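Report on one structure; see the data block that follows.
The values are calculated or read from the model by the stated rules, or taken from the named source; none is laboratory data. Remember, predicted model here, so these are calculated numbers, not experimental data. So basically every Cβ, Gly included, is an ideal-geometry build from the backbone, and we count neighbours across all protein chains shown.
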Amino acid sequence: MATGLTVRAQHHFDRIGLLVPTLRTPTGHRVYTDGDVRRLYRILALRQLGMPLAQIAESLDGDLDDLGSAVRAQLVAVERTIEAQGHLRIRLTALLQAILRATEPSIDQLIEAMEALMQAKQRHWSLDSPTGSPNGNGGARRSSLSSRHTSRTERTRPIPPYSSWLGGGPR
């Protein structure tokens with residue numbers, strides 16, 4: 001098959017039941033029929049839209065309504081990612097402006113920018129993982145960073161008014 005799909009990916013698709021070849025040779029090699037190849041191209045097309053494999057399987061094994069629901073859900077996920085990236089862009093732009101003005105960004109600005117970056121990555125990871133991150137502990141890591149930020153802030157000084165540059169402020 002000239003699809004650009006690796007043998008490892010083909011084996012993975014077979015293992016999870018997404019693309020099970022109709023035939024096998026006596027030596028166990030997979031033989032894909034025209035129907036299998038059509039299914040593979042549908043899988044690849046939906047994957048290009050960023051759809052998780054589990055959702056692709058559900059939509060391909062269901063009817064057209066399932067596919068429409070899957071595409072709608074993917075559109076919502078993409079819109080959330082775009083929104084998170086927009087917030088990250090605003091914070092990074094403010095941080096860059098502070099740097100270009102030759103003023104040192106505050107620790108609060110840096111932490112807020114890092115939190116925005118982590119939230120944007122969290123949204124990206126959640127497209128493929130039901131736990132929200134590749135290793136399943138994205139929320140715990142974010143919570144840990146927030147608690148360290150809070151305890152550091154409480155130990156040192158109040159949040160300065162210019163932290164609003166990054167769209168943050170007192171929490």
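Values for this structure:
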{"read-out": "Asp61 vs. criteria of a type in the set (Asp, Glu), without any contact (Cβ under 8 Å) to a residue 12 or more places away in the chain, over 22 Å from Gln122 (Cβ atoms) and touching a Ser or Thr at 6+ places or on another chain (Cβ under 7 Å)", "value": "no"}
{"read-out": "Residues located in the range 57-85, provided they are touching a Leu at 6+ places or on another chain (Cβ under 6 Å) and more than 19 Å from Tyr41 (Cα to Cα)", "value": "Ala77"}
{"read-out": "Cβ-Cβ under 6 Å pairs, at least 6 apart or on other chains, the range 10-33 side free of Cβ contacts under 8 Å to residues at least 40 places away in the same chain, far side of a type in the set (Phe, Trp, Tyr) and assigned to a loop (DSSP other than H, G, I, E, B)", "value": "Pro21/Tyr32"}
{"read-out": "Which numbered condition Leu95 misses (of (1) out of contact with any helix residue (DSSP H, G or I) (no Cβ under 6 Å at 6 or more places or on another chain); (2) in contact (Cβ under 8 Å) with a residue 40 or more places away in the chain)", "value": "(1)"}
{"read-out": "Single match in Thr22, Thr27, Thr6 (criterion: hydroxyl-bearing (Ser, Thr, Tyr) and under 23 Å from Asp66 (Cβ atoms))", "value": "Thr22"}
{"read-out": "Check on Glu79, modelled with pLDDT of 80 or more, more than 30 Å from Phe13 (Cβ to Cβ) and not β-branched (Val, Ile, Thr)", "value": "no"}
{"read-out": "Residues that are assigned to a loop (DSSP other than H, G, I, E, B) and among the aliphatic types (A, V, I, L, M), drawn from the range 1-48", "value": "Met1, Ala2, Leu5, Ile16, Leu18, Leu19, Val20"}
{"read-out": "Subset of the range 68-97 [among the hydrophobic types (A, V, I, L, M, F, W, C) and either outside any helix (DSSP H, G or I) or surrounded by fewer than 17 Cβ atoms within 10 Å (Cβ to Cβ) (or both)]", "value": "Val71, Ala73, Leu75, Val76, Val78, Ile82, Ile90, Leu92, Leu96"}
